[in-house]
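Enquirer: One structure coming up, written as structure tokens, with questions to follow.
The values are calculated or read from the model by the stated rules, or taken from the named source; none is laboratory data. All values reported here derive from a predicted model rather than from experimental measurement. Please note: Cβ atoms are built from the backbone with ideal geometry, for glycine as well, and neighbour counts cover all protein chains shown. We work out accessible area using only protein heavy atoms, side chains counted, and drop any ligands, DNA or RNA first. Shrake-Rupley method; radii C 1.70, N 1.55, O 1.52, S 1.80 Å.
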Amino acid sequence: PPKQWYQRRVAITAGGQSFSDKEFNIQKKQFSEILQKNNFSINNSKVQYMRQASDFDNVLWGLVNFKHHTLGFLKDRGYLITSSVEMQDTGPETGTLVVRGFLRGQGLDPDQLLHIPGQGHFRISRIVTSPDPFSENSNTGIVYEPKNPASLDMECEVNEMDAEQTWPTEEDYEQAEEAKKHIKRVPKGTSAYQAVWMLSDDEEEEESGMEDEEDSEEESDEEVEEEEETDYYKDSDNYDVHFDAEEEAEEMRKFREACEDEQFPDEMDTPIDMAARIRFQKYRGLASFRTSAWDPQENLPRDYARISQIRNFRHVRKSLLRQSNTEKPVQAGAHVDIYISEVPLSLRDSTSSTITLFSLLPHEQRLSVQHVAQARHPLSTGTVKGKEQLLAQVGFRRYVVKPIFSQHTKSNKHKMERFMPVAGNFVASFYAPITLTESPAVLFKVEEDGSVTLLSTGTLLSCDPDRVVCKRVVLSGHPAKVNKRSAVVRYLFYNREDIAYFKPVQVRTKHGRRGHIKEALGTHGHCKITFDKPIQQSDTVLIPLYKRVFPKWHFEYF
């Protein structure tokens, strides 16, 4: 059997002998446009045209020498496409599932867990080699039993005493001092402010690589003619048959919120009936969103006690993938019977005789915070708000999650996006099992009628709970009186206590001026602010505040 499973498509056309060369080129261009309009992917391969007798040999030669690609999430693990499925030793709710088929990929260890799509992960009770229907010299009857099976627990046990604070030890002080040390070579005479904006050699190489990729993508883009407008509303009499007024009102509300967020990003009016120091008590001000420190271990939610974290994810992933490529007890290509214990009886009624099983690498059954880099699909329409229930397909696993969206940057802090961005790349974060292999990631939206709509596509970024996603709120005020570098600002606060509370926070304007609150004037929230340069009367005074946000706890296999 083949070691890897990958679906490829090739476009081949025949005919065209009656056309002239000029007409034939026009037909080729129209055929390519049809493929693009219907979103038919041919894996970056050229369309094969059989117009003459010699073209037939060229097509055969191209098919024979077709380059095969492997899937990243399959090449480092074993998997099996079953030829028969049987349920044995059934109990009240579970039973032993016996599957038969050819083992593919990297082989299988009885201690590994098996994942059944839509059901979850299960333990192997034993593996027995069975007769190969295509070979007479196959070894049969060899039994492989687990010696040290992996745990089925997805969540960690919550210890209530972990939240108790203790006095820092000497090791904590040493780790804090080492974290502060960051040596960067800069030209002589460079100030500390200039050194922050200078990139190191590694960062410059990454920046240049990204620029080269963007240039190549722009050069490879071809101009596509605009589609002719089609009349989709010929039957106007029955247009309102399937119209839902409540759904239309909800979509309009989200659309207006998204438009307002795009025009005035993160701006919020200071509440009049509630003190700002209470309304925004979980927020903090930052002198610089890029360089200001933020401890990823502070003020964590209770859900973080239930998940697992891998320190230095990239290094651990390379080490575990290196171990997975070692020789397994059951080699790939063997025809085996796998006995899977404690499988729900509902699987017997919901599946056919053919299912696909995947082996899990160490720790891949544990829950963590998964981050996937995404880009909105061109055919996707509608507004998607953060923490809305979506369907995620990451590699061979599919589950229902409620993600949050953030910007895809290289900083140690990432700004949250209230809605799924329509253009550009972004990151979706949600609670999901750890995935060590490089895997594609796709997000869908499940409609009320059960249909699925594609939203975005991308790839797995990391599984790191320490990735800080910050929600920004910008309080705005307007200068009432201006005197060169100082101004009296109103509508920013509505009482003296709020002004005293937010006095240490740096203030900025839409025209780039920066300043600090000097004093409060009166009892109605007016304050005097001094700026670094003269300010204009038409400018707007802003105070940006930040707080860390976390995904909403929701996970179930789909």
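Enquirer: For region 103-156, what are the residues that are aromatic (Phe, Trp, Tyr) and at pLDDT below 90?
Expert: Once the filter is applied, which keeps residues that are aromatic (Phe, Trp, Tyr) and at pLDDT below 90, region 103-156 yields PHE134, TYR144.
Enquirer: Could you please tell me which pairs satisfy a Cβ distance under 6 Å, a separation of 6+ or placement on different chains, a first residue in region 157-176 that is modelled with pLDDT of 70 or more, and a second residue that is open to solvent by less than 80 Å² (accessible area, probe 1.4 Å) and among the small types (Gly, Ala, Ser)?
Expert: VAL158/ALA305
Enquirer: If you don't mind, there's one more thing I want to ask. Listed residues ARG311, ARG302, ARG317, ARG322; which is over 18 Å from HIS363 (Cβ atoms) and out of contact with any strand residue (DSSP E or B) (no Cβ under 8 Å at 6 or more places or on another chain)?
Expert: Criteria check complete, one pass: ARG302.
Enquirer: Kindly indicate the residue of region 446-482 that is over 17 Å from the mean Cα position of the chain (by Cα) and among the hydrophobic types (A, V, I, L, M, F, W, C) and also farthest from VAL507 (Cα to Cα) among those meeting that condition.
Expert: Selected residue: VAL452.
Enquirer: State the number of residues belonging to region 434-451 that are open to solvent by 30 Å² or more (accessible area, probe 1.4 Å) and either under 12 Å from ALA392 (Cβ atoms) or of a type outside the set (Gly, Ala, Ser) (or both).
Expert: Residues meeting the conditions: 9.
Enquirer: Taking region 474-526 as the search range and keeping residues that are among the polar types (S, T, N, Q) and more than 18 Å from ASP539 (Cβ to Cβ), which one is most open to solvent (accessible area, probe 1.4 Å)?
Expert: THR523
Enquirer: Output the residues belonging to region 406-440 that are of a type in the set (S, T, N, Q), closer than 17 Å to GLY458 by Cα and not in a strand (DSSP E or B).
Expert: Scanning region 406-440 gives THR409, THR435, THR437, SER439.
Enquirer: Which members of region 269-326 meet the condition of being part of a helix (DSSP H, G or I) and either open to solvent by 60 Å² or more (accessible area, probe 1.4 Å) or among the charged types (D, E, K, R) (or both)?
Expert: Residues satisfying the conditions are ARG277, ILE278, ARG279, ARG302, ASP303, ARG314, HIS315, ARG317, LYS318, ARG322, GLN323.
Listed here are the residues, each with its yes/no results for (1) closer than 21 Å to ALA432 by Cβ; (2) among the small types (Gly, Ala, Ser); (3) at pLDDT 85 or above.
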residue: ALA305; (1), (2), (3): yes, yes, yes
residue: THR326; (1), (2), (3): no, no, no
residue: PRO329; (1), (2), (3): no, no, yes
residue: VAL336; (1), (2), (3): no, no, yes
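Enquirer: When both residues are 6+ apart or on different chains and their Cβ atoms are under 8 Å apart, which pairs have a first residue that lies in region 137-153 and is closer than 27 Å to GLY120 by Cα, and a second that is of a type in the set (Phe, Trp, Tyr) and open to solvent by less than 80 Å² (accessible area, probe 1.4 Å)?
Expert: LEU152/PHE122
Enquirer: Sticking with this structure for a sec: Enumerate the pairs (first residue in region 478-503 and closer than 18 Å to ASP273 by Cα; second residue anywhere and crowded, with 17+ Cβ neighbours inside 10 Å and of a type in the set (D, E, K, R)) with beta-carbon separation below 9 Å, excluding pairs fewer than 6 apart on the same chain, so at least 6 apart or on different chains.
Expert: Every condition considered, the pairs that remain are LEU492/ASP498.
Enquirer: Moving on to the next point. Applying the selection to region 452-473, what residues are open to solvent by less than 20 Å² (accessible area, probe 1.4 Å) and in a loop (DSSP other than H, G, I, E, B)?
Expert: PRO465
Enquirer: If HIS363 satisfies every condition in (1) on the phi < 0 side of the Ramachandran plot; (2) more than 19 Å from the chain's Cα centre (by Cα) but one, which is the exception?
Expert: (1)
Enquirer: Taking the conditions exactly as written (touching a Ser or Thr at 6+ places or on another chain (Cβ under 9 Å) and of a type in the set (Val, Ile, Thr)), does THR523 satisfy them or not?
Expert: no
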